[in-house]
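What follows is one structure encoded as structure tokens, with my remarks underneath.
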């Protein structure tokens, strides 16, 4: 029986397939929710615009019956030198389920795998790179497809993907109520709309803190992830298939929270976040143990815990790892070659965390390849734009840490030795500092044990950012935080978050209620500090200048960010005066 493939490029046609799609997903056993329309269509609605994505879903029919569905999409990718095109799986950005998959009716795996390979080869002008993850393992249809692509002369690579899940067997003998942690009266489940919205907000806040502690950005921090999880939670909760759970401390503040959904005969902890100080007190173990009991009571036979910021210790129950797979295919194009070098360098950087010697050398060599490939780029700068509403969290200060505003008059009072110490510890240049004070910038100086420990600046009005060759357009109620610097000897002691909180209090007294910050994309320490101070990521700002052509791109295209950058349709609205210090580097 032949399989006839066709391509779906519009949402209306895809939605018309929902009943057949859902039935096909359920034939594959556990994981049907995340392979089907109830997860992937909301994901598409929330993420396609931010990703600049276009549908390229491949479906196959045999005698009119739907026998396969490959939920692909395509998007343009920005490389340091050129633009490329990649083909990916719906659902691979933002909060990830345990695994995604290509759907096929049992018995059609080999035919569909061969047909999909032919289809992708025919679509070769639409992609330079195929990047599929996290994929369920094993998969006969995927193995057949990949082998046919390799046989056609394409470069193919497979490797373990980030994420995956750990599966707790709930049907194991001996699982009783005593496995739940003590004091579980502090754990509550919420299935009503108000409760879900409240705990979702707490979950996002905890996730930002948790990932900031690892000097990384939370996958739940962006607006798309927040909206997606809230929509899916509310929809599934109405059918009794989702709940938010929260572990509160003695003051009823959230110490840990999780989103749990039922997917067939298993439950899935789709998102879990813990306030870092509570990790050592066993909060994640208590929360998972409690949910394991609740899932078993609902008739589930397994509980999958999606890997998040850390692999927390699970309760003493039978568990196994559900590893996901990544498959990448490259065409013989310049964009594919550069993209492959980028992927290789990223893997080297990750490996360097475990083996700093040889792996770091490999990473440097890989980045050298990229730099040589991108020699035609005169300038490339990518920065993260963060926004803060200037709320304060009561960030604990390091013992002996003193904070105060530091102005021109304060500098004048310093003797020569103190000025030299300030320059040595914080790199404060007298001419630059005096120019900023003259402009009206505020500076907060941190001292630890009487020595300079950090400095942070806040500007109002139009502020030039030379890295982007733009002037930020601030209104009277906004400020721009820049040049946050912590002395090497004081790093890791909460100096930067404390300075940001101090600035927030000072700015609010001046009727400033919102602040912006631009952070270099490799500056994980600053990302961590700003997220601890309750700043949230808005978008990436990318500035390129190639052969005299200047371009500034905001991704995703947040309207307030575009207005801040002066990105209007009127070219005269773009102000360029690169004279003063700019973003937090």
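The values are calculated or read from the model by the stated rules, or taken from the named source; none is laboratory data. Quick caveat, the model's predicted, so the values are computed rather than measured. Heads up, the Cβs are rebuilt from the backbone with ideal geometry, glycines too, and the neighbour counts pull from every protein chain shown.
Looking at 196, 245, just one residue is touching a strand residue (DSSP E or B) at 6+ places or on another chain (Cβ under 6 Å) and assigned to a strand (DSSP E or B), and that residue is 245.
The range 500-561 holds strands (runs of 3 or more DSSP E) entirely within its bounds, and those carrying 2 or more residues that are modelled with pLDDT of 90 or more and under 15 Å from the mean Cα position of the chain (by Cα) map to 536-546.
Just one residue in the set 235, 251 is in the same structural domain as residue 311 (by TED's automatic domain parsing) and free of Cβ contacts under 8 Å to residues at least 12 places away in the same chain; that residue is 251.
Quick one: how many residues across the range 136-167 are without any contact (Cβ under 8 Å) to a residue 40 or more places away in the chain, closer than 19 Å to residue 35 by Cβ and in a helix (DSSP H, G or I)? Going through the range 136-167 one residue at a time, the tally reaches 3.
Only one entry of 475, 483, 421 meets the criterion of being at pLDDT below 90, outside any loop (DSSP other than H, G, I, E, B) and within 28 Å of residue 559 (Cα to Cα), and that entry is 483. Please determine whether any residue of the range 424-447 is modelled with pLDDT of 85 or more, exposed (fewer than 13 other Cβ atoms within 10 Å of the Cβ), assigned by TED's automatic domain parsing to the domain that holds residue 510 and closer than 24 Å to residue 513 by Cβ. There is no residue in the range 424-447 that is modelled with pLDDT of 85 or more, exposed (fewer than 13 other Cβ atoms within 10 Å of the Cβ), assigned by TED's automatic domain parsing to the domain that holds residue 510 and closer than 24 Å to residue 513 by Cβ.
Only residues that are modelled with pLDDT under 90, assigned to a strand (DSSP E or B) and closer than 15 Å to residue 188 by Cβ were counted in the range 257-292, giving 0.
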